[in-house]
1. Out of (1) over 26 Å from Asn365 (Cβ atoms); (2) touching a residue at least 12 places away in the same chain (Cβ under 8 Å), the odd one out for Trp475 is which?
2. Among the residues of the stretch 157-198, write down those that are over 26 Å from Leu95 (Cβ atoms) and either under 24 Å from the mean Cα position of the chain (by Cα) or not in a loop (DSSP other than H, G, I, E, B) (or both).
3. Looking only at the stretch 480-511, which residues are part of a loop (DSSP other than H, G, I, E, B), open to solvent by 20 Å² or more (accessible area, probe 1.4 Å) and out of contact with any strand residue (DSSP E or B) (no Cβ under 7 Å at 6 or more places or on another chain)?
4. Cβ contacts < 6 Å: first residue free of Cβ contacts under 8 Å to residues at least 60 places away in the same chain and farther than 11 Å from Pro459 by Cα, restricted to the stretch 237-256; second residue assigned to a helix (DSSP H, G or I) and open to solvent by 10 Å² or more (accessible area, probe 1.4 Å), any location; separation 6+ or different chain. Result?
5. Does Ser343 satisfy the criteria of being under 19 Å from Phe308 (Cβ atoms), surrounded by fewer than 19 Cβ atoms within 10 Å (Cβ to Cβ) and modelled with pLDDT of 95 or more?
6. Please name all residue pairs, on different chains or six or more residues apart, with Cβ atoms under 7 Å, provided the first residue is in the stretch 61-78 and is open to solvent by less than 30 Å² (accessible area, probe 1.4 Å) and the second residue is of a type in the set (Lys, Arg).
7. Against the conditions (1) modelled with pLDDT of 95 or more; (2) open to solvent by 40 Å² or more (accessible area, probe 1.4 Å), where does Lys220 fall short? Just the number, please.
8. Looking at the stretch 352-466, what helices (runs of 4 or more DSSP H) fall wholly within it and have at least 2 residues that are without any contact (Cβ under 8 Å) to a residue 40 or more places away in the chain and not hydroxyl-bearing (Ser, Thr, Tyr)?
Amino acid sequence: MRHLVFIGLLFCLTACHSKLPVDLLIYNGTIYTVDSAFTKAEAVAVKGGKIVAVGTSRDMQNKYVAQKNIDAQGKFVYPGWIDAHAHFLSYGQNLQQVDLRGTDSWEDVLKTLGKYVDRKNRQNAQTGSDTDTGWIIGSGWDQNDWTDKNFPNNQQLNTLYPDRPVLLSRVDGHAIIANQKALDLAGIKATDSIAGGEIQTSDGHLTGVLVDNATELVYKSIPEPPVEEITAALLAAQDKCFAAGLTTIDDCGEDYRLTLLIDSLNRSGLLKMRLYVLLSDNKKNFDYLTKTGKIKTDYLHVAGFKLFADGALGSRGACLLASYSDQPGWDGFLLQPQKHYDSVAKFLYQHDFQMCTHAIGDSANRVMLKIYAKYLKGKNDRRWRIEHAQIISPADFHYFGDYNIIPSVQPTHATSDMYWAEARLGPERIQSAYANQKLLLQNGWLPLGTDFPVEDISPVKTFYAAVTRMDAKGWPAGGFQMENALTRQQALRGMTIWAAKANFEEKEKGSIETGKWGDFVITDKDLLQVDQKDILKTRVLMTFVGGEKVYDRAGKPILQ
């Protein structure tokens, strides 16, 4: 008997020794690889941060021995989700400020603001700190959600906070309301005007509402936050994004100095989120990237620039070919002269940088599409992007396909705007707005994002909005303009491989295939099969970056 036990033990040791070592093995899963055939698997092995094999649980367990093993118990595994358009730093900073999302009136905004200030004052009192006298900053209000849909007036802000500057940003970031103290610090007067922006007045007095370029007059008066505060914002954003299943974020419109901080945090091991950073449209950023060339590490990729052609539809800053249906005589505006966009396009084309331009209105889109076409000249692989591509003239869709221009869209914009968008555009123009499926057909692929913090960071909400075109309550029944809904496969591709492709990264991420990064998300429900009404109930269980667990909903160790 002892002899048989010895032989069995020897066989086990020999078999284990013959297996190949890996760092992580996930098995017994329902794995959507999102490869070209959209195949499914049961197990995936990771070594050195990269996927070394994908297959059945039996074969993989027979072939590999792992330091960390995860029995997925039939749960659902996808490539790490990628947000193709977001504002990573801004989101982290917003977490430290007044959250005004969901407020249903200007009075509600003031009440929420007051509670925030009171809470901060109590915290200061408890720590023995002086009462804060600095800037009060908040974001997220949306007058379109209020009974009175007019822009607010700052008179009450002036009374409540006569000695502290206050800046409250609209949900889209394209309009703000500031109190008189903030306006005085910025040196703004009722008689002032600015190209590409609007300084609103009433009876010759400032209302505090500033739109698009005018907002910068106040923002530049705010002291630059210390590095410690920026670092805290980045790490806070990272935690929230990992919990949402996001492993790569396109951070749109940043200063080159932020990339230096990101790189140092990457090297220290504190920041593990993969970031595709688009630098903002200014000379210092152009000079920097021209000097350094494209930046590419395992976590940081800088290869392009983010421009703004116009503002947002909600604040009537989107540039339209004809007047707003609910404001005759007003058609919005471009934020810069057309010659500026042309000169930047020429520069970026000559230096082989990616050009990504925010364009909401049909006029702004036409201007940018024609400028892109001028330099791209035909079929190409430059992957220049139109961010949002929200309202397109029926005559202009062909530009995307003819010149391989990539529309980068956010499905939740459609379901956020659908309540009032037709009032802005009228019954005809609305038909070619938020046209995700029609845009997808131009090139055969479509990257998806959220534009957070404008929208919620959740990729599950992105998926739901893309396929159902309804809000969380199931309105409207049957969906908003369902001819432009995406299929479930298309939506998942848009959040993974197509988003990676928009960043020139499809060979290293976006699908679960050998040689790519071991970036995964595990959920409790099958997004491809779950009943439509239950999609939003889907919960992220675990998130991995390079085979390392960066989020665990249960908070339990994964080593087995």
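The values are calculated or read from the model by the stated rules, or taken from the named source; none is laboratory data. Here the structure is a predicted model, which means the values were calculated and not measured. Note that we place each Cβ from the backbone using ideal geometry, even for glycine, and neighbour counts take in every protein chain shown. Just the protein is used for accessible areas: all its heavy atoms, side chains included, with ligands, DNA and RNA removed. Shrake-Rupley method; radii C 1.70, N 1.55, O 1.52, S 1.80 Å.
1. The failed condition is (2).
2. Asn158, Thr159, Gln180, Leu183, Asp184, Gly197, Glu198
3. Passing the criteria: Phe480, Gln481, Thr487, Glu506, Lys507.
4. Partner pairs satisfying both residue conditions: Tyr256/Tyr288.
5. yes
6. The qualifying pairs are Tyr64/Lys19.
7. Checking Lys220 against (1) modelled with pLDDT of 95 or more; (2) open to solvent by 40 Å² or more (accessible area, probe 1.4 Å), the one that fails is (1).
8. The helices (runs of 4 or more DSSP H) meeting that bar are 362-376, 421-429.
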